[in-house]
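The block underneath contains the structure these notes are about, expressed in structure tokens.
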Amino acid sequence: LEGGVTLDWILELVAGLELETPVVLMSYLNPLLSRPHERLAEEAAAAGVAGFIVPDLPLEESEPLCDALAPAGLALVQLVTPLTPPRRRKRLAGASAGFLYAVTRAGTTGAGRGDARTGLSSALEAYLREVRTVSPRPVLAGFGIRSPEQVAGLGGLVDGVIVGSALIERLADDRDPVELLRELRDASTPEPRGTS
């Protein structure tokens with residue numbers, strides 16, 4: 001905010017990108033309330049946004065935003081966590097559009113900067129397998145993903161990974177995030193058969 005970032009600025013930035021990959025914006029609800037939902041949907045679609053992740057918007061209160069986004073072809077992605085009860089996970093998975101965001105740990109994103117843990121617990125593996133069985137959409141895992149080893153460890157458990165804070169940290173430290181993106185991409189690509 002101190003740097004002048006606004007929703008208008010973000011939508012203008014996205015509109016100027018030439019990407020083949022869909023862009024999903026993650027925001028708390030409050031900044032999105034700066035305009036009516038229908039106008040938000042129209043402007044976001046015109047900018048090339050494919051959907052939104054709104055972590056503080058409970059499913060029970062999401063209908064007005066969903067009703068505005070859907071006609072514009074925009075997804076409202078739901079989140080599940082290891083602490084989400086199984087019955088609620090199933091409801092969230094069914095309501096999610098685009099993909100389902102499987103949070104990999106309790107806490108906040110960005111926590112644990114410099115955390116080098118790469119192993120997956122059996123509880124996390126069981127949780128991710130269960131989430132995949134209840135989700136009619138692709139499951140992407142995120143929160144704390146920052147290393148190629150973590151990405152490789154999630155292979156076969158989820159359809160993709162979400163990396164945000166690790167990239168933001170690189171930018172904040174004046175380091176190019178492209179190298180990390182390449183390493184993460186390479187770790188997510190299985191080796192061809194017959195190679196070691």
Inset, instruction - Could you tell me whether any residue of region 42-63 is aromatic (Phe, Trp, Tyr) and in contact with a Pro (Cβ under 7 Å, 6 or more places away or on another chain)? - result: no
Inset, instruction - Return the only residue of LEU65, LEU11 being assigned to a helix (DSSP H, G or I) and in contact with a His (Cβ under 7 Å, 6 or more places away or on another chain). - result: LEU65
Legend entry - First in region 85-104 and surrounded by fewer than 17 Cβ atoms within 10 Å (Cβ to Cβ), second anywhere and of a type in the set (Asp, Glu), Cβ under 9 Å, 6 or more apart: PRO86/GLU130
Inset, instruction - Taking the residues in region 127-172 that are assigned to a strand (DSSP E or B) and open to solvent by 30 Å² or more (accessible area, probe 1.4 Å) as candidates, determine which candidate is farthest from SER96 (Cα to Cα). - result: GLY155
Legend entry - Residue check, GLY16 out of contact with any Cys (no Cβ under 7 Å at 6 or more places or on another chain), at positive phi and open to solvent by 40 Å² or more (accessible area, probe 1.4 Å): no
Legend entry - Residue count for region 68-84, restricted to those that are open to solvent by 70 Å² or more (accessible area, probe 1.4 Å) and assigned to a helix (DSSP H, G or I): 1
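The values are calculated or read from the model by the stated rules, or taken from the named source; none is laboratory data. Just so we're clear, the structure is a prediction, and the values are computed from it rather than from any experiment. When we count neighbours, we look across all protein chains shown, and the Cβ atoms used for this are built from the backbone with ideal geometry, even at glycine. For accessibility, only protein heavy atoms count, side chains too; no ligands or nucleic acids. Shrake-Rupley method; radii C 1.70, N 1.55, O 1.52, S 1.80 Å.
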